[in-house]
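Chemist: Below you'll find the structure I mean.
Read-outs throughout are calculated quantities, based only on the coordinates presented, and are distinct from any laboratory measurement. In this text, all values refer to a predicted model and were calculated from it rather than measured experimentally. Note: ideal-geometry Cβ built from the backbone for every residue, glycine included; neighbour counts use all protein chains shown.
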Amino acid sequence: MAIRPALVLTVLMACSLCAETEPARATQPSRAQAGVLFPPAVVEAARHNAATLPWGKTVRDHVVTTTSSWANLSDDELWSLVFGPTITRSWMVWSNGHCPACEKSVPMYNWEMDALKQPWKTRCPHCKALFPTNDFARYYRTGLDEHGIFDPKKADRTLLFNTAHPDPNDPLHQFGVIAVEELARVDGSLALGLAAHTSLGTYPIYAFGTEEQRRRWVPRLASGKGIAAFALTEPDAGSDAQGTRTTAVQDGDGWLVNGTKFYCTNGTHASTIVFTAVTGTAPGGKKEISAFVVEKGTPGLKYGAKEVKLGMRSSDTRVLHFEDMRLPAGNLLGGPESRGAGFKKFMLTLDGGRISVGAISVGLAQGAIPACRTPWCRRKCRYRECCR
Ligand SMILES: Cc1cc2nc3c(=O)[nH]c(=O)nc-3n(C[C@H](O)[C@H](O)[C@H](O)COP(=O)(O)OP(=O)(O)OC[C@H]3O[C@@H](n4cnc5c(N)ncnc54)[C@H](O)[C@@H]3O)c2cc1C
């Protein structure tokens, strides 16, 4: 049985056991023993119900049986099952998303977990694929010091690789992250430009495009002859990307696009821009969001002024305007059957994009340390301690 539903059920049943509350009696446990979910009066009532009522005994026995596998574990074993802060749950798991392997719908709590047999993993209920594909639990264990504290310097970094390219001699084995990290060490803007080009702009065409779309755009982008960009954010759709207002209306064989996109990295440099637009209403009344590709020079594609930023100033961040921009039918990413799947595809793309942003942050921090040891910085530094 999946662990999470089992636990939820157990807690609910334990709560129902306390439902018929009796006045608290007998000795109160100390504050250290009393829990927040089950304060002393509630525990007392639950004990009373289990001892005196047949249904109370049934619920108590079920809860005891269900939790016995956990109760028999040592504290160390229990801690080893806890997801550390190093492993974030992806969009697919915390929202009503879908499985990246079989693409079938998986609502939020339907992911299966077996923390004892498959620590730190979730499993698709349809195709049984396990995520994340890296073995982060093993990586975590290699980094534990003698006090049981995770030390990234000790951990085996060879376990963190691109699982789609398992051969260590494959240039893509660790390519994306290491290259972006190294560039960010000396130039955050260049690193951001590369990350937006590869993981945000090119990846969705490579991963979700039709064979024809891949052949048309990916070789040029992969060889560096073209630059890619990704346009999701809008004035009213930042964190809430589902608030997209850009529309694409079917117009003869193609699409007529109108709207505005904000903060498009590589904006004017990009030879292709992938973007989202509302193409109708999905069953259930939500917006139907589809993904498209637009090429530089398409009439109706207009650029706003370059954003003036505090940092990463040489990275081109633009507003894009789509004004009665006509696109051929072949520019709907993934072809006609992918109509309405644009939001999912962009969220999956952002899962990879977050890794690049993490790598940029690490690289910037690595570059900042030697930079603040320069004589100028030492002179200017208000709290000289930080320069040591
Ligand atoms: C340098 C740079 C480059 C970028 N490049 C691109 C790009 O290439 N393509 C692209 O599409 N986008 C790009 N973006 C946009 C970026 O993805 C958005 O800025 C981001 O999604 C946040 O949206 P927003 O700026 O509208 O902030 P908002 O959504 O307005 O959020 C503002 C603040 O409110 C918080 N917040 C928002 N919603 C909630 C909530 N429900 N509950 C609690 N807190 C909330 C946020 O965490 C944030 O702190 C870029 C941004 C920057 C700064």
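Chemist: What does the net charge come to around Cys264 if you take all other residues with beta carbon closer than 15 Å to its beta carbon, with K and R at +1 and D and E at -1?
Modeler: Numbers: positive: Lys261, Lys296, Lys302, Lys306, Lys309, Arg318; negative: Glu234, Glu295, Glu307, Asp316.
With Lys, Arg at +1 and Asp, Glu at -1, the net is +2.
Chemist: Another question about this same structure. So what is the diffusion coefficient of the range 193-363 in µm² per second by Stokes-Einstein at 25 °C and 0.890 mPa s, using a Kirkwood Rh over Cα pairs?
Modeler: On the way: Rh = 15.9 Å.
The diffusion coefficient I find is 154 µm²/s.
Chemist: In addition: Stretch Thr142-Asn258 to full length: gain in nm at 0.36 nm per residue minus the Cα-Cα span?
Modeler: Values: separation 116, 0.36 × 116 = 41.76 nm, distance 5.20 nm.
Additional length available on full extension: 36.6 nm.
Chemist: May I pose another question? Would you mind calculating the gained length between Lys296 and Thr67 on full extension (0.36 nm times residue separation, minus the Cα-Cα distance), in nm to one decimal?
Modeler: Working: separation 229, 0.36 × 229 = 82.44 nm, distance 5.99 nm.
Contour length minus the Cα-Cα distance gives 76.5 nm.
Chemist: Students often get this wrong: which residues of the range 228-263 have the backbone nitrogen under 11 Å from the point 7 angstrom along Cα-to-C-beta of Lys286?
Modeler: Hits in the range 228-263 for Lys286 at 11 Å: 242-243.
Chemist: Evaluate the relative contact order of the range 193-363 (contact order divided by residue number), counting alpha-carbon pairs under 8 angstrom at least 6 apart; express in whole percent. Before the final figure, lay out the partial values.
Modeler: Values: 354 pairs, mean separation 44.2, N = 171.
Relative contact order comes out at 26 percent.
Chemist: For the pairs Lys261/Lys309; Lys306/Lys345; Lys261/Lys296; Lys128/Lys153, flag any whose C-alpha to C-alpha distance is greater than 24 Å. Please report the intermediate quantities before stating the final value.
Modeler: Working: Lys261/Lys309 17 Å; Lys306/Lys345 27 Å; Lys261/Lys296 15 Å; Lys128/Lys153 34 Å.
As for pairs spanning more than 24 Å Cα to Cα, those are Lys306/Lys345; Lys128/Lys153.
Chemist: Here is a follow-up. For an R0 of 35 angstrom, estimate the FRET efficiency from the Cβ-Cβ distance between Leu37 and Ile178 and round to the nearest 0.05. List each step's numbers first, then the result.
Modeler: Values: r = 45 Å, r/R0 = 1.28.
Using R0 = 35 Å, I get an efficiency of 0.20.
Chemist: Between beta-carbons, use under 14 Å as the cut-off and find the net charge around Thr244, counting Lys and Arg +1, Asp and Glu -1.
Modeler: Working: positive: Arg245, Lys261, Lys286, Lys287, Lys344, Lys345; negative: Glu234, Asp236, Asp240, Glu288.
Charge balance near Thr244 sits at +2.
Chemist: Using a Förster distance of 51 angstrom, determine the FRET efficiency expected from the C-beta separation of Lys306 and Ser105, and round it to 0.05. Write out the running numbers ahead of the final one.
Modeler: Working: r = 40 Å, r/R0 = 0.79.
Efficiency for this residue pair is about 0.80.
Chemist: May I ask you to derive the relative contact order of the range 160-271, considering only C-alpha pairs under 8 Å and at least 6 residues apart, and to give it as an integer percent?
Modeler: Numbers: 118 pairs, mean separation 22.3, N = 112.
Dividing the mean separation by the residue count of the range 160-271 yields 20 percent.
Chemist: Of the listed peptides 277-290, 67-80, what is their order by residue-averaged count of other C-beta atoms within 10 Å, with the highest listed first? Mind dumping the intermediate values first?
Modeler: Values: 277-290: 15.8, 67-80: 11.1.
Packing proxy ranking, top to bottom: 277-290, 67-80.
Chemist: Quick one: check the C-alpha center-to-center distance for the range 142-206 versus the range 39-83, whole angstrom.
Modeler: Each part's Cα centre sits 43 Å from the other's.
Chemist: Any chance you could list P(r) for the range 89-206, counting all Cα-Cα pairs in 10 angstrom bins from zero, rounded to whole %?
Modeler: 12, 29, 37, 21, 2
Chemist: Hey, another quick one. With label points built 7 Å along Cα→Cβ from the Cα atoms of Trp376 and Lys225, find their separation and express it in nm.
Modeler: So the label points at Trp376 and Lys225 sit 4.1 nm apart.
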